[in-house]
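There's a structure below that I have some questions on.
The values are calculated or read from the model by the stated rules, or taken from the named source; none is laboratory data. Everything numeric here is computed off the predicted structure, so don't read it as measured data. Here the Cβ positions follow ideal geometry from the backbone for every residue, glycine too, while neighbour counts run over all protein chains shown. Quick note on the areas: whole protein, heavy atoms, side chains included, nothing else; ligands and nucleic acids left out. Shrake-Rupley method; radii C 1.70, N 1.55, O 1.52, S 1.80 Å.
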Amino acid sequence: MPESNKLRQLKELLLHEDRDEIALLQAKIKTLESILEKQEQLASRIDPIIDKKLAQYTKDIPEKLGPTITESLKNEIANSKDAVVDALFPIIGKMIKKYIQQEFKILSDKINAQLQKSFSLKNWTRKFKSKVSGIDEENLIIQELAKTEIHEIFIIEKNSGILIANFSKAKTIDKDVISAMLTAIKSFVEDAFKTGNDSLELIEYGLYNIHIQNFNSYYFAVVAHGVFDSAYKGKLEYELLNFAEKHLAKGPKKNISIKLAEFFNNDDL
Amino acid sequence: MTTSKKIVLLGHFGVGKTSIIRKFVTNEFSSDYKVTIGVHILKKEMPVTNGEDVSLIIWDLEGTDNIDLINKAYLLGTHCFIYVYDISRPLTFSNLEENVLKLKEKFPKTLLKTVANKIDLIDDVNDEKYKDTLQKTDYTSSAKTGENIADLFDSITKALVI
Ligand SMILES: Nc1nc2c(ncn2[C@@H]2O[C@H](COP(=O)(O)OP(=O)(O)OP(=O)(O)O)[C@@H](O)[C@H]2O)c(=O)[nH]1
Ligand SMILES: [Mg+2]
């Protein structure tokens, strides 16, 4: 036996098992490789199906899970009202701010539009007024647009809610019932949010502001349309105080309605 | 000049406060039960009484068995309370005396009338078992048949405008 053969035999003898294992390993790797390859092939075919299913599922969520989610949300909200309010407050605040910005934009658009209508009579009067008064035209237009208008004034007995006097531009609603309802709402609110001696001062109702001013045995409720800022509020309060001093402070409360009409018939307070 | 008078109806749940007012103001009756929540206010102009035009401003309160729970402001300035109970449900007059006493104590100057309503539901008004309660009651009425409804408000109006 040549030397090399012997060596090979010895090698074979010694390494026999190892070689088997290597072969085994090689086979295993082959299968793995093919599995991987196949998976890639599969994936390229399956992925679109999964994607589609997923998309459908996402689309179905509102319908399939909606009620469950709503229900648990409801419970969550009910159980943690304060937290929810705290969370919503800034968002709602922002929404209101946005709304106001939007309204301002509309307002300035309106002003621009008015300025461009340069041949209307009103416009010439305004131009004239502006010249005479020295107030620039934009400001005059803003004044016109933002003009506050009083629609109703009620003087109501505090306890009973009975109407003492009324000034009104519309004859449609039942003043007696409104007075009683206002009084009920007022006492309800004041009772529900007991904070010392605070009383309800303003109800915002659609485009209207209902200004409430308390006196000892009665209160005023003034329904106004338009801008209701603190300057206007101040003026109104002053006028109501004046009126009360003149006509309600003493003596019988008679013909107050007529006096109210005389007092407030011009809109420019 | 029209004078307005504040009338307040109170009593347990479902005794017929809303029905009585409805019968009086619009002459309608319904067997549906719609619970009053909070307060509901209606007005009825009365024919001239003792030379005066009178408007009744009627406050229909939600039912309660404990008048201490009513928002006090609803009761202030009232000219007449009408305390209603349901003659067919003893529970609704179980604390009649107690509630009437409380009202008289808190509002000594206010007129108060007690009304046994749903009188149409009982067979015999003269039955012994009602005797005690009815003796303490000013009116028996039925919002369903209209029995005594107009009389109740007429006499109250007269009493208020002297
Ligand atoms: N048979 C009969 N049923 C009546 C009478 N009055 C009221 N009802 C019925 O009793 C139920 C309750 O009547 P309401 O008038 O709503 O009672 P309420 O006292 O206003 O009830 P709350 O507002 O919940 O306090 C209704 O189904 C009415 O139809 C009556 O005189 N006779
Ligand atoms: Mg009712």
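A:Y57 accessible area, nearest 10 Å², 1.4 Å probe?
Spelled out: A:Y57, probe radius 1.4 Å, area about 130 Å².
Hey, rough spin-label estimate for B:E128 and A:D174, points 7 angstrom out along Cα→Cβ, what's it come to in nanometres?
4.7
Provide, in order from the shortest bin, the percent of all Cα-Cα pairs of region A:149-264 in each 5 Å bin, continuing until the bin that contains the maximum pair distance.
Final binned percentages: 2, 11, 22, 26, 21, 13, 4, 1.
Then there is this: Just by accessible area at a 1.4 angstrom probe, what is the order of A:H225, B:H12 from largest to smallest? Walk me through the intermediate numbers first.
Working: A:H225 60, B:H12 15 Å².
Highest to lowest solvent-accessible surface, that is A:H225, B:H12.
Between A:A261 and A:E190, how high is the FRET efficiency from 1/(1 + (r/R0)^6) when r is the Cβ-Cβ distance and R₀ = 35 Å? Nearest 0.05.
Numbers: r = 30 Å, r/R0 = 0.85.
Between A:A261 and A:E190 the formula returns 0.75.
Kindly give the semi-axes, whole Å and largest first, of the ellipsoid equivalent to region B:1-114, taking each as the square root of 5 times a Cα gyration tensor eigenvalue.
Numbers: eigenvalues 106, 69, 29 Å².
The three semi-axes for region B:1-114 are 23, 19, 12 Å.
Now, a different point. Using a probe radius of 1.4 Å on protein heavy atoms only, what is the accessible area buried between chains A and B, both sides summed, to the nearest 100 Å²?
Details: alone 20770 and 8840 Å², together 28400 Å².
Approximately 1200 Å² gets buried when A meets B.
What do you reckon, how do B:E62, A:E33 stack up by accessible area (1.4 Å probe), largest on top? Write down the numbers at each step before the final one.
Numbers: B:E62 85, A:E33 105 Å².
Order by accessible area, largest first: A:E33, B:E62.
Take a quick pass over region A:149-264 and tell me how many lysine pairs come in under 14 angstrom between Cα atoms, counting only ones 8 or more apart or on separate chains.
Working: A:K158/A:K186; A:K186/A:K194; A:K246/A:K254; A:K246/A:K259.
Here the count comes out as 4.
Report the relative contact order of region B:35-162, percent, no decimals, based on alpha-carbon pairs under 8 angstrom and at least 6 residues apart.
Working: 148 pairs, mean separation 27.2, N = 128.
Normalised by residue count, the contact order of region B:35-162 is 21 percent.
Over region B:52-157, average the accessible area per residue using a 1.4 Å probe and give it in Å², no decimals. Walk me through the intermediate numbers first.
Numbers: 5100 Å² over 106 residues.
Result: 48 Å² per residue.
Return, ordered by residue number, the residues of region B:65-83 whose backbone nitrogen is under 17 Å from a label point located 7 Å along Cα→Cβ of B:K44.
So the set is B:79-83.
How many percent of the accessible area of region B:3-161 is carbon or sulfur, using a 1.4 Å probe?
Working: 3820 of 7830 Å².
Ligands and nucleic acids excluded, carbon and sulfur reach 49 percent.
Okay, next question. So how far apart, in nm, are the two label points at B:N66 and B:K136 if each is 7 Å from Cα heading toward Cβ?
Here the answer is 1.9 nm between the modelled labels.
Report A:T148's accessible area, 1.4 Å probe, all protein chains in place, as a number in Å² to the nearest 10.
So the heavy atoms of A:T148 present about 10 Å² to solvent.
Checking buried surface per residue: for region B:41-65, which residues lose a minimum of 10 Å² accessible area in the protein assembly relative to the chain alone (1.4 Å probe)?
Buried-area filter returns B:I41, B:K43, B:I57, B:W59.
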